[in-house]
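A short worksheet on the structure shown next.
The values are calculated or read from the model by the stated rules, or taken from the named source; none is laboratory data. Remember, it's a predicted structure, so these values are computed and weren't measured experimentally. Here the Cβ positions follow ideal geometry from the backbone for every residue, glycine too, while neighbour counts run over all protein chains shown.
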Amino acid sequence: MLVTVVTPTYNRAHLLPRLFESLQQQTFTDFDWLIVDDGSTDRTGEIVQGWDAPFPVTYVRQENAGTKVAWNHGVELASGEFVAVIGSDDWYLPEGLARLVSEWSDLDDRFVSVNGRLVTPDGRLHGPPSPGPVDTDSFSYWYRHKIVCDTIGLARTEIVRRHPFPYAESRGAPEALAFNRIARRYLTRFIDDPIAIVDFQPDGLTARPRSEVLAEPKPWLAYYWEALTFPRWVPLSTRTKFALNCVRFGARTILGR
């Protein structure tokens with residue numbers, strides 16, 4: 001298989017059929033689907049194993065350990081040359097995978113991924129329009145180009161596998177810490193084409209209370225220190241914010257709170 005689609009999931013038996021249907025509608029078909037069940041207590045396993053899919057589906061169950069652990073697990077098991085990670089509450093547009101795959105045709109080893117845009121269920125672009133395509137690293141995309149939006153991509157499996165989420169067991173550790181480490185060495189092509197539909201859930205990662213997200217200071221100290229020392233230009237005002245947060249989370253780490 002050229003592509004392995006990886007979906008970490010927890011108690012989303014009611015949503016997974018929507019993603020399954022979208023995968024059946026893909027115009028690109030050289031993919032398999034790997035579902036990593038993070039200890040669900042609903043009927044996830046029963047539903048997945050009851051499907052008659054036109055593509056290979058692998059279901060793996062682990063003890064509940066969080067989305068980042070499930071993500072790492074899925075990437076480690078992926079067999080495709082490329083990996084496409086999509087949440088169980090999202091689903092692809094029919095041309096989604098095909099559009100990402102086609103964009104790889106003129107990219108070289110400097111690139112880790114091609115990322116496209118997300119739209120909401122009512123068809124609105126998630127985040128502002130961007131002057132795509134933009135070839136840059138993912139850190140600069142946010143902090144230099146200031147294009148603040150979630151994207152979804154197709155990445156080279158071997159590179160993502162070498163850069164798993166650190167502090168994966170921490171529910172509040174920033175996911176961007178892994179992406180920023182990749183961004184130190186590799187570029188991403190960002191296109192403005194819609195690839196998938198995002199449907200934020202009340203119990204999803206984006207809905208976590210701020211107090212919970214920032215509860216463990218050590219991962220955030222690592223994030224802001226690596227952001228402060230990122231080896232490409234970002235505005236001085238942004239660097240200053242990184243430095244202040246290094247002091248903030250450094251103090252909390254030393255004090256143990």
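Within segment 24-46, the residues that satisfy the criterion of being in contact (Cβ under 8 Å) with a residue 60 or more places away in the chain, crowded, with 17+ Cβ neighbours inside 10 Å and either among the polar types (S, T, N, Q) or more than 14 Å from Val85 (Cα to Cα) (or both) are Gln26, Phe28. Taking the criterion of being surrounded by fewer than 23 Cβ atoms within 10 Å (Cβ to Cβ) and among the basic types (Lys, Arg), the only residue of segment 67-103 that qualifies is Arg99. Whether a residue is on the phi < 0 side of the Ramachandran plot, in the same structural domain as Ile182 (by TED's automatic domain parsing) and out of contact with any Phe, Trp or Tyr (no Cβ under 7 Å at 6 or more places or on another chain) was assessed, and Ala84 passes this test. If you take the residues in segment 118-145 that are small (Gly, Ala, Ser) and either in contact with a strand residue (DSSP E or B) (Cβ under 6 Å, 6 or more places away or on another chain) or part of a loop (DSSP other than H, G, I, E, B) (or both), which one is surrounded by the most Cβ atoms within 10 Å (Cβ to Cβ)? That would be Ser138. Being buried (at least 16 other Cβ atoms within 10 Å of the Cβ) and among the hydrophobic types (A, V, I, L, M, F, W, C), is that true of even one residue in segment 49-56? No, there is no match, as no residue in segment 49-56 is buried (at least 16 other Cβ atoms within 10 Å of the Cβ) and among the hydrophobic types (A, V, I, L, M, F, W, C). Against the test of being at pLDDT 95 or above and outside any helix (DSSP H, G or I), the options Pro174, Pro164, Pro202 yield a single qualifying residue, Pro164.
The residues in segment 19-46 that are under 19 Å from the mean Cα position of the chain (by Cα) and within 13 Å of Ser88 (Cβ to Cβ) can be counted, and the count is 10.
Remark: Ala98 falls outside the filter, which requires a residue to be under 22 Å from Asp150 (Cα atoms), in a strand (DSSP E or B) and either small (Gly, Ala, Ser) or outside the structural domain of Ala196 (by TED's automatic domain parsing) (or both). Note on segment 177-199: residues that are among the hydrophobic types (A, V, I, L, M, F, W, C) and either assigned to a helix (DSSP H, G or I) or over 18 Å from Asn115 (Cβ atoms) (or both) total 5.
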